[in-house]
């Protein structure tokens, strides 16, 4: 899932950094200095996903209660549709975060179940591998 706005934020922050030295040194130092602002940006925009998901669910439940007691206005229907869209987006981000955390812990701690681990590694290798090259209409 793409994080909205991270490209512009990173570009502007990177360009604003001032470092003197030769090209490779400047790149290394700018990347080091970019790490903290990116972490803060991520925390501000995508932190506490579970809390956001719970809050959206509560708002949708309130909207559902309004439906039981009467008819919603056009604005309330649109607001509920926006909430459902936000819920789907937040759910996707939350799933991605859980998946990434599981992968990270597996990498840090290792895996004693080597058959399973090797099966996953081989599956990823096959999935991302190049099956062949097409040139001049011929396949090799």
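Here residue 71 clears all of (1) farther than 26 Å from residue 42 by Cα; (2) assigned to a helix (DSSP H, G or I) except the condition numbered (2).
Tell me, yes or no, whether the stretch 111-122 has at least one residue that is under 14 Å from the mean Cα position of the chain (by Cα), surrounded by 10 or more Cβ atoms within 10 Å (Cβ to Cβ) and either in the same structural domain as residue 6 (by TED's automatic domain parsing) or in a helix (DSSP H, G or I) (or both). No.
Condition check: assigned to a helix (DSSP H, G or I) and surrounded by fewer than 12 Cβ atoms within 10 Å (Cβ to Cβ). Does residue 57 satisfy that? When the stated conditions are applied, residue 57 does not pass them.
Within the stretch 14-24, being under 16 Å from residue 41 (Cβ atoms) and in a helix (DSSP H, G or I) holds for 14, 15, 16. Which one of 98, 84 is closer than 28 Å to residue 6 by Cβ and over 15 Å from the mean Cα position of the chain (by Cα)? Unique residue meeting the criteria: 84. Being out of contact with any helix residue (DSSP H, G or I) (no Cβ under 8 Å at 6 or more places or on another chain), surrounded by 13 or more Cβ atoms within 10 Å (Cβ to Cβ), at pLDDT 85 or above and part of a helix (DSSP H, G or I) is a description that applies to residue 27.
The values are calculated or read from the model by the stated rules, or taken from the named source; none is laboratory data. As the structure is a computational prediction, the values presented were derived from the model and not from experiment. Quick reminder, even Gly has a Cβ in these numbers, built from the backbone with ideal geometry, and neighbours come from all protein chains shown.
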